[in-house]
Amino acid sequence: KEYTEALEKNRLIGLKCLDCGTITAPPPMTCSKCSGLNLEVVELSGSGKIVTFTSVRVPTQSRMGQQPYLVIMVELDEGPWLMANLSGSDAAAASMELIGKKVRMIAPLPSPERRPEGGLAPLFAINL
């Protein structure tokens with residue numbers, strides 16, 4: 001809930017394990033490295049690079065009529081990998097040239113594109 005509320009305010013948060021130092025996003029219940037429970041909320045920069053992507057041509061019901069669109073995996077500057085959407089790129093013409101491009105979070109997806117479970121998906125754009 002705190003993660004979604006932060007996204008609504010255009011902030012990206014994660015959890016830092018106070019035992020091993022690992023930062024995770026979105027925040028899980030335990031540390032993804034050591035399974036520790038000693039966690040604190042940290043604000044993340046929202047900057048990173050694309051490590052992989054897919055062009056979605058068969059959308060979920062909430063995105064019907066918006067295909068194709070790009071879903072990317074971003075390695076955040078702080079270390080964790082985060083799945084997000086990419087804005088401002090032609091999904092039909094996407095190529096391997098996207099890999100390694102620097103990106104930044106620009107906003108959460110607007111309300112009509114909310115996930116069925118009520119969360120928001122981060123929206124990133126390529127740094128120019």
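The values are calculated or read from the model by the stated rules, or taken from the named source; none is laboratory data. Predicted, not measured: the structure shown is a model, and the values here were computed from it. Neighbour counts are summed over all protein chains in view; Cβ atoms, including those assigned to glycine, are modelled from backbone coordinates with ideal geometry. Ligands, DNA and RNA are excluded from the accessible area calculation, which covers all protein heavy atoms including side chains. Shrake-Rupley method; radii C 1.70, N 1.55, O 1.52, S 1.80 Å.
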Inter-label distance, nm, simple model (7 Å from Cα along the C-beta direction), ASP77/MET96: 2.9 nm
At 222 nm, what helix-only mean residue ellipticity would the chain give, in deg cm²/dmol to the nearest 500, using -39500 (n - 2.57) for each DSSP H run of four or more? -1500 deg cm²/dmol
What size of dipole, in debye to the nearest 20, comes out for the chain about its Cα centre when the only charges are +1 on Lys and Arg C-beta atoms and -1 on Asp and Glu C-beta atoms? 260 debye
Expected field for GLU75, accessible surface area in Å² at 1.4 Å probe radius, rounded to 10, holds 60 Å²
For the range 19-30, just list the computed ³J(HN,Hα) in residue order, Karplus coefficients 6.51, -1.76 and 1.60, θ = phi - 60°, integers in Hz, with x standing in for Gly and Pro. 8, 10, x, 5, 10, 10, 7, x, x, x, 7, 9
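Sequence gap of 8 or more, or different chains, plus Cα separation below 19 Å: how many lysine pairs satisfy both in the chain?
5
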On the full set of protein chains, 1.4 Å probe, figure out the accessible area of SER32 and give it in Å² to the nearest 10. 90 Å²
Of PHE53, PHE124, ordered by accessible area with the largest first and a 1.4 Å probe, the sequence is PHE53, PHE124
Rolling a 1.4 angstrom probe over the protein chains, ignoring ligands and nucleic acids, what is the accessible area of MET73 in square angstrom, nearest 10? 50 Å²
